[in-house]
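In what follows, a single structure is set out as structure tokens and then discussed.
The values are calculated or read from the model by the stated rules, or taken from the named source; none is laboratory data. Because the structure is a prediction, the values reported are computed rather than measured. Positions of Cβ are generated from backbone atoms using ideal geometry, with glycine treated the same way; all protein chains shown enter the neighbour counts.
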Amino acid sequence: MADVDTSIVSLIDKEIPEGRQALKDGHENLAKVAAYCEQKYLETNTRHKSGSNRAKALEETREVLEETKRFATQSLASVAYQINALALNMLGLLDQQVMKLQDMESKINHIAETVDIHKEKVARREIGVLAATKPTGRAHRIIAPAEQEKVIRYTRRATDYSILDNLGHGVKTSDR
Amino acid sequence: MEASLNDAVCNVRQLETINLPDEQPQIEAPPASVTYISNFDTNFEDSKAFITCVSKYLEEADVHKGLNEMLEEGEKYAVMLYTWRSCSRAVPSVKSDDQPNRIEIYEKTVEVLEPEVSKLKSFMHFALSAVDRFCQEVKTLSHPERRKDFISERYLVTLGKFINMFAVLDALKNMKACLNNDYAFFKRADTFLRRGTGDVSMIEESQNLSLFLANQNKITLLLKEGLEHVQGYEDVLADVLNMFVRLFESNMYITPNEKHVLLKVMGFIIFLMDSKDSDVVKMDQKKRINISKIDKIFKQFPVVPLFGDVQIALVTYLKMCPHFEGMREKWSSSSDAAEDKTVVQYNLLGKMDSIREEHMITASNNTRNTEHYKELTNLALRGLRLLSSWTAQVMELYSWKLLHPTDKYANPQCPEKAEEYERATRYNYNSEEKFALVEVIAMIKGLYGLMSRLEPSFSEAIRRSIHDEVQNFIQINLREPLRKAVKSKKAALLKTILLSIRETGGDWTDAQHGRQDPIMKGEKDPNCSNEQCVICSVVQLYMVRTMLESLVSEKGGKKVMRKELEKETVEGIETFLKHSFFFEKLLRFNEVLRDCCDLSQLWFREFYLELTMGSRIQFPIEMSMPWILTSHILEKKNPSMMEYVLYPLDLYNDSAHYAMTVFKKQYLYDEIEAEVNLCFDQFVYKLSEQIFSYYKAQACSLLLDKKFKSELVRMNAEAAAKLGTRSNRYETLLKQRHVQLLGRSINLNKLISQRLNNAMIRSLDCAIGRFESGDICGVVDLENLLEVNRMTHKLLSKCAKLVPFKNMLGEANHSVSAPYGRITLHVFWELNFDFLPNYCYNSSTNRFVPTSYSLVDKLQNSVFNSISSLYSNFVGDVHFACVARLLGYQGIAVIIEELLKVIKSVLQGQLQQYIAELIEGMPKKCGVLEYYHASLEPIMQYSYLRTDVFQGFREIGNTILFCLQLENFLVNDKISVTSATVSINGAIFNCL
Amino acid sequence: MSSEVQQQIQQDWENREFIEIVSQGIKKIAEFLNDFDMSCRSRIAKINEQLTSLEQKVEYIEGRVSRDCLSL
């Protein structure tokens, strides 16, 4: 039981808040990174227009674009990973709590039983005070039969078809 | 570490491995706490990049960009007009001229109304500029030279949208009288403060504005004037009209909104065309337009929703035409007979169910081949079409009903002074219509849920299949014509266009650049489109389609390219164009899906609010459609409808979403929220009430044995009706643990379980109360009622976690902390004051019968009364059994103790002296009977003897007998209990 | 010159494909979050339900036991 408690406490205090914090930081960083990339792209673009040498400028903008792409992939991977970890932690926490609740429930049911038994005993004692002891027979109500009937062996008898002849015929005068 | 793209993708895919069980049955619209909608439509921003495209269409792209922006602005103004609530009614007006604080009031009025009026001003300027821009467009298009060339489909559609915008803005302006009042109010305050110091332009502008706001249909008149200056404008309009008719007939539209736009534009164009010099009928004779076809369409859809709850009967446009009298007979749809639109024929419900199953069957199996993609795309398209046809039908019925409110003759229940809106919504639908509406709404939301679940596979399939189709078309179908064009020197223009199509839309693997392609030399060679899962951007699609259109259009002046192409390539192009019409919509599958099932307008009623001229800030919930449908389901308790009950509630979600995202009006959202709070409380209250009584009735019929029920049925049908409850489906409702309502997640199960708990305790309480009001014989009735409650509890706990029955009974019986419950006390009370003194024992029937006759009339004619009446007026072993069972050892012990005390008190108190005296008075020795008779005579006359002594003896006797009976019953009950325990573990011996 | 333009258009195809894949990823994450939300809500609701029923039981027992003297 103890390890369930510790893991719950650790989950609640450490892992989940950390996960959440990581996601929150990610949220801000992403916004910053996006702004940075956009601004850089615009910058190179304006330089590209004013600048004379087209190919070089074109190269630069493409390079910025590549960088933005890398950032995008990187962020997608990290966000997915973080969400995955946090989700697993949350689900773990929920399972632990279900377990904890179950054994709490069994404890409470146990207590309820003891209280009921106690109440019943008190009630019976109260009624016992009023009732005089009636000499109920000590003998057990359900007692096994004294002697075992011996099992009779199976003996084969040929079937005699005429045995039922005189049963229920219509007119019977002679041997009545 | 540097994550590559497929690392990221596999991370995401890893997410799907976590299994997320949620066994809640899905009977509400799909929950969407996080919605992600990506829209890559750049509204022609990047059109300049495609210099490979034919320059003429590049400029056209810019035109479209400008027009689209104007359309968006128009949409904003429409929203502003529709959601305008009059401010002037709220502002205190100046009563008399010499009112001391009138200056201060005026200042405040100006201050308040200033921003509103500036909005009106900008609206006027926008309207004027839009009209000019439109006339200018029409002028360029109707230029004789330009007439020869063809107008692209996109151009005509955009012009059509412009016309629709004008129609909507004008209708909204007409509808909102409060605009004019607000402005007049402001002007009075403003001129008073300025005392004429404002400059000329200011005054002139405010003059225009008040004129603009005051007279009706101002925008349409402006438009008509502008168009009449343009020579030959009716031809351009005729093109637009024919295009829209063609689109409508081959139902080239997806969302219901598009369909309604087509209809509105048709009506409005006819009105615009019908001016002094040009006459619609002449146009019809010159075969420029086809009136009979349009007339047929108008008859099919007489009423069309215009905006929100504003609707328009298409015929009104016709009636506005100056030449309408001349052509009345041509327009059969305008005759009044056409008015009675058939109630929406829901016979197609059956068909819909089959279609719905079909969707379920085609869950996305992931065989990845092109043919499968094609099929999925068609399925997606058909799904969208289906959804939009249902939604369109619902909205059309709703708007038709709004336009034809009922009255007390048509609907008897409609009271005399019912309000306008009430007659349009509350009393305007009979039961079948309401049920049909609910069913269709449920179907829409259900299918929407299914499709949004399948959305990822749909959109992927769409992208792949469209990409294949476009690339195959460009890279294969166009090879032949290009080869011929390259060979035959004279088709120069055709060659350039074909080349530019290839370059703009082609997606080539590296080797196959358009220019070095061997095709240049005219030879044939294999095709090679690379396998990508992305489609051409919106701009590319537009350019390719427009260029293809130019190839096949008949009108092309002298250089008509159509003849130079072979027949089947022309057909190929035409079929491609037909298909590709939907590509752009399918690109934005998610948004289009949402628009297709947009039922949010069922709640908005600005038009009717305006009609009440301020007497109503907002209408009560009985008049709002979502609540009408929900409460209808709850009242009728129709089992087949019960599971749909959450869908009408979901209409609130749609309206709230619409109010937040499109109208962007906080007060609208607050009103919806207030109504939902009210409705939801009632919903949960009624539902839990219904569930409790349903399960109680089920328990009742379970407990009564068969033959008794058949007996009862024969006796009176009414009781039987109550018994034979129809089976109903509440389990699914009770399983709902997270219902999405206005962004909040509600645990319906928890709410209902709480109410069920209370209801159970209340019913136990009233059962005990009933017993307390009756005599001891009621104990049997009490036990039966408790048994029914126990059974109800058992049935209910299958689907809702309730407090254990024992605890409930304890609570109701107040026997939790107190040692003896209400039942015990009442039994003792009855024993002491009614049973012992008044009952006398009949040994042969082993029953106690009350000597003094007490009539107890049974008010409720419930079934159990008929049973308990069998057991009243006597106390037999049945009663003792019940008493023993109900009181349990504790109760019996205390009662017997008390009875012993009573006997002692009776003995010692009353009887002792009497007995002493009687003993002396008794003759010592006993002899012959009549001797006794003689000597005992005086004692018998002793009056108190009867009242006290005998009564005392009777009480003692009754008590003893009562204890005896109770003990008998206890003994055999105890035996069964102890023997059971003995047989179980043999240890506990008989302790008593 | 046109080959350079052609090259740019081709580049545009690749970029858009990249964007499409990333947007697909985001959509999947969003969908996962929705399902996660639903599943967690129903599990929490169940736990909550169990908790309330336990509380009621404890209250009931307290009520029964709280009588003045435990008559043994």
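Here are the numbers for the structure shown:
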quantity: The range B:453-480, residues that are within 14 Å of chain C (Cβ to nearest Cβ) and of a type in the set (S, T, N, Q); calculated: B:Ser457, B:Ser459, B:Gln471, B:Gln475
quantity: Answer residue from the range B:39-49, given it is away from chain C (no Cβ under 11 Å) and not in a loop (DSSP other than H, G, I, E, B) and is nearest to B:Leu593 (Cα to Cα) among those; calculated: B:Glu45
quantity: Any hit, the range A:91-101, residues being assigned to a helix (DSSP H, G or I), away from chain B (no Cβ under 14 Å) and surrounded by fewer than 15 Cβ atoms within 10 Å (Cβ to Cβ); calculated: yes
quantity: Helices (runs of 4 or more DSSP H) (entirely within the range B:53-156) containing at least 1 residues that are touching a residue at least 60 places away in the same chain (Cβ under 8 Å) and within 25 Å of B:Val168 (Cα to Cα); calculated: B:55-82, B:102-141
quantity: Residue match in the range B:23-38 (condition: exposed (fewer than 15 other Cβ atoms within 10 Å of the Cβ), within 10 Å of another protein chain (Cβ to nearest Cβ) and either farther than 25 Å from C:Arg16 by Cα or not β-branched (Val, Ile, Thr) (or both)); calculated: yes
quantity: Number of positions in the range B:50-69 that are within 25 Å of C:Ser23 (Cβ to Cβ) and within 14 Å of chain C (Cβ to nearest Cβ); calculated: 1
quantity: The range B:792-821, subset crowded, with 20+ Cβ neighbours inside 10 Å and among the polar types (S, T, N, Q), residue modelled with the lowest pLDDT; calculated: B:Ser815
quantity: Qualifying position, being in contact with a His (Cβ under 7 Å, 6 or more places away or on another chain) and at pLDDT 60 or above, among B:Leu450, B:Leu494, B:Leu454, B:Leu499; calculated: B:Leu450
quantity: Selection from the range A:1-27 of residues that are acidic (Asp, Glu) and more than 21 Å from A:Gln82 (Cβ to Cβ); calculated: A:Asp3, A:Asp5
quantity: Residues of the range A:19-65 that turn out to be of a type in the set (Gly, Ala, Ser) and over 30 Å from A:Leu88 (Cβ atoms), as a count; calculated: 6
quantity: Residue that is farthest from the chain's Cα centre (by Cα), among those in the range B:810-827 that are away from chain C (no Cβ under 11 Å) and closer than 20 Å to A:Ala112 by Cα; calculated: B:Tyr820
quantity: Helices (runs of 4 or more DSSP H) wholly inside the range B:176-270 containing at least 1 residues that are at pLDDT below 85, out of contact with any strand residue (DSSP E or B) (no Cβ under 9 Å at 6 or more places or on another chain) and within 30 Å of B:Val112 (Cα to Cα); calculated: B:177-194, B:200-214
quantity: Pair list, Cβ under 9 Å, 6 or more apart: the range B:728-747 residue under 19 Å from B:Ile633 (Cα atoms) and touching a residue at least 60 places away in the same chain (Cβ under 8 Å), other residue of a type in the set (Gly, Ala, Ser) and part of a strand (DSSP E or B); calculated: B:Val739/B:Ser745
quantity: Any chance B:Asn430 is touching a strand residue (DSSP E or B) at 6+ places or on another chain (Cβ under 8 Å) and surrounded by fewer than 16 Cβ atoms within 10 Å (Cβ to Cβ); calculated: no
quantity: Index of the failed condition, B:Arg102 passing every other in (1) more than 14 Å from chain A (Cβ to nearest Cβ); (2) among the basic types (Lys, Arg); (3) closer than 26 Å to C:Asp37 by Cα; calculated: (3)
quantity: Failed item, numbered, when A:Ala80 is tested on (1) loosely packed, with under 15 Cβ neighbours inside 10 Å; (2) at the interface with another protein chain (Cβ under 9 Å from one of its Cβ atoms); (3) farther than 27 Å from A:Asp5 by Cβ; calculated: (1)
quantity: Members of the range B:635-657 found to be over 14 Å from the mean Cα position of the chain (by Cα) and either assigned to a helix (DSSP H, G or I) or modelled with pLDDT of 90 or more (or both), listed by number; calculated: B:Glu635, B:Lys636, B:Pro639, B:Ser640
quantity: Verdict on C:Gln6 being more than 30 Å from A:Ile108 (Cα to Cα), modelled with pLDDT under 90, more than 7 Å from chain B (Cβ to nearest Cβ) and surrounded by 15 or more Cβ atoms within 10 Å (Cβ to Cβ); calculated: no
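So that you can scan it fast, the table gives a plain yes or no per residue for (1) at pLDDT below 85; (2) within 7 Å of chain B (Cβ to nearest Cβ); (3) part of a helix (DSSP H, G or I); (4) crowded, with 16+ Cβ neighbours inside 10 Å:
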position: C:Arg16; (1), (2), (3), (4): yes, yes, yes, yes
position: C:Asp35; (1), (2), (3), (4): no, yes, yes, yes
position: C:Ala45; (1), (2), (3), (4): no, yes, yes, yes
position: C:Glu59; (1), (2), (3), (4): no, no, yes, no
position: C:Glu62; (1), (2), (3), (4): no, no, yes, no
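A quick yes/no check of all residues on (1) modelled with pLDDT of 80 or more; (2) in a helix (DSSP H, G or I); (3) surrounded by 12 or more Cβ atoms within 10 Å (Cβ to Cβ); (4) away from every other protein chain (no Cβ under 14 Å):
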site	(1), (2), (3), (4)
B:Glu898	yes, yes, yes, no
B:Glu920	no, yes, no, yes
B:Asn958	yes, yes, yes, yes
B:Phe962	yes, yes, yes, no
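One line per residue, one yes/no per condition, for (1) of a type in the set (Lys, Arg); (2) farther than 20 Å from B:Phe848 by Cα:
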{"position": "B:Gly876", "(1), (2)": "no, no"}
{"position": "B:Cys882", "(1), (2)": "no, no"}
{"position": "B:Tyr889", "(1), (2)": "no, yes"}
{"position": "B:Ile892", "(1), (2)": "no, no"}
{"position": "B:Ile895", "(1), (2)": "no, no"}
{"position": "B:Lys904", "(1), (2)": "yes, yes"}
{"position": "B:Gln908", "(1), (2)": "no, yes"}
{"position": "B:Gln912", "(1), (2)": "no, yes"}
